[in-house]
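Read the structure below first, then the notes.
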Amino acid sequence: MLMGLGNVGLVYLDHAGATMYSELQMEAIFKDFTTNVYGNPHSQSDTSSSTSDIVREARQQVLDYCKASPKDYSCIFTSGATAALKLVGEAFPWSCQSCFTYTMENHNSVLGIREYALDQGAAAFAIDVEETVHHGVSNGTAASMKVLQYQVQRRNEASSLEEPTGEAYNLFAFPSECNFSGLRFSLDLVKIIKEDPARILEGSPFCNGRWMVLIDAAKGSATEPPDLSLYPADFVVMSFYKLFGYPTGLGVLIARNDASRLLKKTYFSGGTVATSIADIDFVRRRKSVEELFEDGTISFLSIASVHHGFKILNSLTVSAISRHTASLAWYVRKKLLGLRHENGARVCTLYGDSKALFHDFGPTVSFNLKRSDGSWSGYREVEKLASLSGIQLRTGCFCNPGACAKYLGLSHLDLRSNFEAGHVCWDDHDIIHEKPTGAVRVSFGYMSTFEDAKKFIDFVTSSFIALPNWIESGYQLMQGSESRLGAASFYLKSITVYPIKSCAGFNVESWPLSTTAGLLHDREWVLASLSGEILTQKKVPEMCFISTFIDLDKGILFVESPRCQVKLPINFITDSCNGGSEQIKLNGQRYEVQSYKNEVNIWFSNAIGRPCTLFRCFSSSHNFCLNKIKSASMRREVQSVLNFSNEAQFLLISEESVSDLSHRVSTKDVQKGACGAASQISPMRFRPNIVISGGEPYAEDGWKILKIGNKYFTSLGGCNRCQMINIVHDEAGLLQKSNEPLATLASYRRMKGKIFFGILLKYERSEPVGRDGDLWLQVGQDVHPNVS
């Protein structure tokens, strides 16, 4: 049984990112640690000797896994595969005549070695290796290999004038398996580069250098570890969490002994020296490769747990794991390639050589999906819907920019343009200029099942092919159809103000409008971390327990929290002069804000359980006209602002639309056989400012201009919903998370990757500037849609 999955029905398909650890494995580790004592190995005690024995056995298990003889190879433990790559880059004997060559399909952690090479005056360039046939023998592979060389990079132009003499050391790096496409590289590259580099580097002046080879096996070693008895690479890196899930933060560099002697290490530490003298320049380093490169005390408890992971793999055998995972990946590739829309258009674009469907691929499938009109479905849309269906997968470029650009057809201009448009790794910009910026990836591990693969295919089929007819199911029910509005009547059911972004709001019978920013004081305050990050419920769900209320007559914001014994009053008239001012950035916009005294920040820090700071937006501090209260009228006419709202001044929700959604969720629960009374969804789940009642469900979708009382508002379109609407707090004050109602909304309210519910509004002030008009909204006022 897998730890962390239990009976929740989660389908985990990101084994390329990190595979799962098993319950049996963790039980064995726990038993080991509770029955044995392991001490720091840098000692002579009995517990330290036991640790040294365990470490020695772990090194041998690693070498055996890659069929590496201890006469030829050493096993150096690191904090991960990245640290192992960094070690090679730092210590490699670069010179101005050296060259670092690497395949385009490489992880960023490999590309980072380029910085060391270029800084030392060496050259660097990428190559693209294409194989159409793979027979596993050198001659066959070489005959079918095509190589494209990219531009040589140098930072020191003077060094480019020196002709390589053939004595310099060069490094060639490639992955055993591409973590983007799953394509497996032929390990014959090791022999070709070391024995006859001209076959790969034809025409390059570096052909005659002394070539060493590095294999990034972090991804490929889980199902096909490199056989170093057949392919004697100089360096191989791996991470154990990719092999068997635990431990994390532990990797290994397998280095040929003759190659490791060439590495130049500057720093020394505890464990790496035989002796040193503190007050003079004298140090003698240890001779063994492992002791020389393992700085400080190694992670000996993590190393002790490696044995239990290898025990799992050895009981299954790597060959069986490889066949099992390959069959699942082949099934998914075949099914995805066969998917068609009703018009015959392909649904899926797979990345990698489709001719090699039965060969040369690891258990990884990378792809993007297209709609029936040929437009792309963004990978974030796929990831969000998959999560709602209980499927965990990976999206983006997977830290492999070369493979990403190659398979997606992104030029240097595209990549720079995307960055200038704001796209960075792990963001939501999945489609820019009608091109995907990344892909969707599913990958399998030894514990993956056919049911996992089938559930994923069923998800793609139901979510991206068998889409319901929106005109019949609600979204476009009222769009462009104004004939039904004459018989319908609408009225303002409730008004909610949210003074502090992401904290709870309060309902009012009437409330004044700001002349520029929506409801007066709505989202005028914000909480930020000490590093300046704006805090929201997405990262700090506890913010929902902070309740707020504003007394306009007194000019006081009252704040309460179950974690704080006292109610906090904040006088926003007098306190506005007590704090300092600074600038913060939110949603790409800069705000001038007022800060508060330390006691206020301490109160909020206690309320959410982490250090934070309260800020108030300066730009809308006095943008209102209070002709219904006793305080002096104050104004500042400025252009329309949003305070700290994400998209618009107002969010409007229809009571009838919420009722229809509740019915759909309840119906789905009944169909699934869910027990218990159906819970009614509250409009407050969606954090609206305005709730209306009357008419038909989703009538608001077609509104362009509406009038509430004598105030005019412009619709800015639908509100794109996220998983925040799936989180509620119960009567016991506990946070509850499910897939609903977003999963149901996704089934009938999705358009171009967005799930819409409710509409965004902008207030259109009609009163002349300088006139104190009636700027209040009142519950019960009539709502007139699509007025001229």
Give the residues of the range 516-545 that are among the β-branched types (V, I, T) and buried (at least 22 other Cβ atoms within 10 Å of the Cβ), sorted by residue number. V526
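Filter the range 497-510 down to residues that are in contact with a helix residue (DSSP H, G or I) (Cβ under 7 Å, 6 or more places away or on another chain) and either at pLDDT 95 or above or hydrophobic (A, V, I, L, M, F, W, C) (or both) and give me whichever is least open to solvent (accessible area, probe 1.4 Å). Write out each step before concluding.
From the range 497-510, those in contact with a helix residue (DSSP H, G or I) (Cβ under 7 Å, 6 or more places away or on another chain) are 502-504; that's our starting set.
Checking which are either at pLDDT 95 or above or hydrophobic (A, V, I, L, M, F, W, C) (or both) leaves us with 503-504.
On the way: C503: 0, A504: 27 Å².
If we take residues in the range 497-510 being in contact with a helix residue (DSSP H, G or I) (Cβ under 7 Å, 6 or more places away or on another chain) and either at pLDDT 95 or above or hydrophobic (A, V, I, L, M, F, W, C) (or both), then C503 is least open to solvent (accessible area, probe 1.4 Å).
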So the strands (runs of 3 or more DSSP E) completely within the range 548-591 holding 1 or more residues that are exposed (fewer than 14 other Cβ atoms within 10 Å of the Cβ), more than 38 Å from the chain's Cα centre (by Cα) and at pLDDT 75 or above are 568-571
The range 706-765, subset at positive phi and within 24 Å of the chain's Cα centre (by Cα), residue most open to solvent (accessible area, probe 1.4 Å): K752
Closer than 20 Å to L243 by Cα, open to solvent by 20 Å² or more (accessible area, probe 1.4 Å) and among the β-branched types (V, I, T): does that describe V318? yes
Looking at the range 292-333, which of the residues that are under 20 Å from Y12 (Cβ atoms) and among the polar types (S, T, N, Q) is nearest to the chain's Cα centre (by Cα)? T325
What's the total number of residues in the range 17-48 that are within 30 Å of the chain's Cα centre (by Cα) and outside any helix (DSSP H, G or I)? 6
Can you say whether G374 is assigned to a loop (DSSP other than H, G, I, E, B), touching a residue at least 40 places away in the same chain (Cβ under 8 Å) and either out of contact with any His (no Cβ under 8 Å at 6 or more places or on another chain) or surrounded by 21 or more Cβ atoms within 10 Å (Cβ to Cβ) (or both), as far as the supplied structure shows? no
Only residues that are crowded, with 20+ Cβ neighbours inside 10 Å and not in a helix (DSSP H, G or I): list them for the range 187-202, please. L187, I200, L201
Kindly check whether there is at least one residue in the range 359-370 that is more than 22 Å from the chain's Cα centre (by Cα) and crowded, with 20+ Cβ neighbours inside 10 Å. yes
Only one of (1) open to solvent by 20 Å² or more (accessible area, probe 1.4 Å); (2) without any contact (Cβ under 8 Å) to a residue 60 or more places away in the chain; (3) closer than 21 Å to A453 by Cα; (4) assigned to a helix (DSSP H, G or I) fails for R333. Which number is that? (1)
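Among S79, S52, S69, which is at pLDDT below 95, among the polar types (S, T, N, Q) and more than 21 Å from C404 (Cα to Cα)?
Numbers: S79 fails: at pLDDT below 95; S69 fails: at pLDDT below 95.
The match here is S52.
If the requirement is being surrounded by fewer than 16 Cβ atoms within 10 Å (Cβ to Cβ) and part of a helix (DSSP H, G or I), which of these qualifies: H324, H307?
Values: H324 fails: surrounded by fewer than 16 Cβ atoms within 10 Å (Cβ to Cβ).
Only one candidate qualifies: H307.
Within the bounds of the range 397-404, is there any residue that is part of a strand (DSSP E or B) and in contact (Cβ under 8 Å) with a residue 40 or more places away in the chain? Reasoning before the result, please.
Pass one, the range 397-404, residues part of a strand (DSSP E or B): none.
Among the residues of the range 397-404, not one is part of a strand (DSSP E or B) and in contact (Cβ under 8 Å) with a residue 40 or more places away in the chain, which makes the answer no.
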If the Cβ limit is 8 Å and pairs must be 6+ apart or interchain, which residue in the range 567-582 that is under 19 Å from D551 (Cβ atoms) pairs with which residue that is open to solvent by 80 Å² or more (accessible area, probe 1.4 Å) and modelled with pLDDT of 90 or more? K567/E560; L568/E560; N571/K554
Sole exception among (1) under 16 Å from M104 (Cβ atoms); (2) open to solvent by 10 Å² or more (accessible area, probe 1.4 Å) for F172, by number: (2)
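Only one residue in S98, S74, S48 is assigned by the TED database to the domain that holds V147, open to solvent by less than 50 Å² (accessible area, probe 1.4 Å) and free of Cβ contacts under 8 Å to residues at least 24 places away in the same chain, so which one is that? Steps first, answer last, please.
Working: S98 fails: free of Cβ contacts under 8 Å to residues at least 24 places away in the same chain; S74 fails: free of Cβ contacts under 8 Å to residues at least 24 places away in the same chain.
Of S98, S74, S48, the one residue that is assigned by the TED database to the domain that holds V147, open to solvent by less than 50 Å² (accessible area, probe 1.4 Å) and free of Cβ contacts under 8 Å to residues at least 24 places away in the same chain is S48.
Yes/no per residue for (1) within 19 Å of K86 (Cβ to Cβ); (2) assigned to a loop (DSSP other than H, G, I, E, B); (3) aliphatic (A, V, I, L, M); (4) not assigned by the TED database to the domain that holds S109:
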{"position": "S204", "(1), (2), (3), (4)": "no, yes, no, no"}
{"position": "N208", "(1), (2), (3), (4)": "no, yes, no, no"}
{"position": "W211", "(1), (2), (3), (4)": "no, no, no, no"}
{"position": "S221", "(1), (2), (3), (4)": "yes, no, no, no"}
{"position": "P225", "(1), (2), (3), (4)": "no, yes, no, no"}
{"position": "P232", "(1), (2), (3), (4)": "no, yes, no, no"}
Which condition number does V424 fail, the rest of (1) surrounded by 14 or more Cβ atoms within 10 Å (Cβ to Cβ); (2) hydrophobic (A, V, I, L, M, F, W, C); (3) in a loop (DSSP other than H, G, I, E, B) being met? (1)
Of the residues that sit in the range 427-437 and are at pLDDT 85 or above, open to solvent by less than 40 Å² (accessible area, probe 1.4 Å) and part of a loop (DSSP other than H, G, I, E, B), which one is nearest to C397 (Cα to Cα)? T437
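The values are calculated or read from the model by the stated rules, or taken from the named source; none is laboratory data. On a predicted model such as this, the values are computed, not experimentally measured, just so you know. Using ideal geometry, Cβ is built from the backbone for each residue, glycine included, and neighbour counts are taken over all protein chains shown. Ligands, DNA and RNA are excluded from the accessible area calculation, which covers all protein heavy atoms including side chains. Shrake-Rupley method; radii C 1.70, N 1.55, O 1.52, S 1.80 Å.
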